[in-house]
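Asks: Structure in structure tokens, see below.
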Amino acid sequence: MTALSQDICLRTEQEKQTCIWWPMWQKDVAEYCKACDRCQKANKSTGKRLGNMIKSQEPSRPWEIVHMYWETGLPPGGNRSYNPCLVIVNRFSKTPIFLPCHKDDTAMDTALPIWDRVISWTGIFTNIISDRYPKFTSALWTNLHQLF
């Protein structure tokens with residue numbers, strides 16, 4: 001427990017000591033304090049360590065750096081029942097490109113429409129910033145370079 005969470009727990013015990021009593025009340029108050037959301041956020045040992053924020057470089061030309069994210073929760077559309085939409089945004093000019101896709105698409109399933117509909121028009125990117133986990137982004141890069 002950190003000093004902040006210990007202080008909150010002690011103050012809670014002191015407040016309860018003057019107005020209520022039951023057998024084993026101190027144990028119950030301690031358990032309550034351990035479950036407290038505020039105490040858990042203040043306690044570094046229980047929280048997940050956050051990574052360092054890395055500032056990405058500014059692009060010097062269009063389509064050098066792109067942001068990719070999946071817009072999910074859309075109703076199925078088209079004759080192939082696409083449900084999410086892959087949004088690729090040029091970081092230089094903020095120009096978006098929207099590609100329909102399926103929720104369970106693999107990195108290769110994603111790389112093919114990017115290759116056919118985006119890279120053929122814009123050229124290869126040097127950096128992709130994505131909302132997917134790094135393993136997916138790495139596999140996407142590998143598949144794009146295999147197509148190249």
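Each value in this text was obtained by applying a stated rule to the coordinates, not by laboratory testing. Computed from a predicted model, the values in this text were never measured in an experiment. Note that each Cβ is placed from the backbone with ideal geometry, even for glycine, and that neighbours are counted across all protein chains shown.
Asks: Using θ = phi - 60° and the Karplus curve 6.51 cos²θ - 1.76 cosθ + 1.60, what whole-Hz ³J(HN,Hα) does each residue of segment 112-123 get, with Gly and Pro shown as x?
Replies: 4, x, 5, 5, 6, 9, 10, 5, 5, 9, 9, x
Asks: Moving to a separate point now. Of 136, 112, 126, which is farthest on the positive side of the dipole of segment 65-147, counting Cα position, with +1 on Lys and Arg Cβ, -1 on Asp and Glu Cβ, and the Cα centre as origin?
Replies: After comparing all options, I get 126.
Asks: Amide H of residue 129: which non-local residues (sequence gap of 5 or more, or other chain) have their own amide H closer than 5 Å, using H built in the peptide plane?
Replies: Under 5 Å from the amide H of residue 129 lie the amide H atoms of 66, 67, 68, each far enough along the sequence or on another chain.
Asks: Points 7 angstrom from Cα along the Cβ direction at residue 145 and residue 28: gap in nanometres?
Replies: 6.2 nm
Asks: Check cross-link reach from residue 94 to the aspartates and glutamates: straight Cα distance under 19 Å, and skip same-chain residues fewer than eight apart.
Replies: 58, 64, 71, 131
Asks: Let me ask something else. Mind listing the phi-derived Karplus ³J(HN,Hα) values for segment 82-97, rounded to whole Hz, using 6.51, -1.76 and 1.60 with θ = phi - 60°, and x for any glycine or proline?
Replies: Residue by residue, segment 82-97 yields 5, 10, x, 10, 7, 10, 10, 10, 6, 6, 6, 10, 6, 7, x, 10 Hz.
Asks: Let me ask something else. Can you run phi through the Karplus equation (6.51, -1.76, 1.60; θ = phi - 60°) for segment 124-130 and list ³J(HN,Hα) in whole Hz, with x for Gly and Pro?
Replies: For segment 124-130, the Karplus curve yields 6, 7, 9, 8, 10, 10, 10 Hz.
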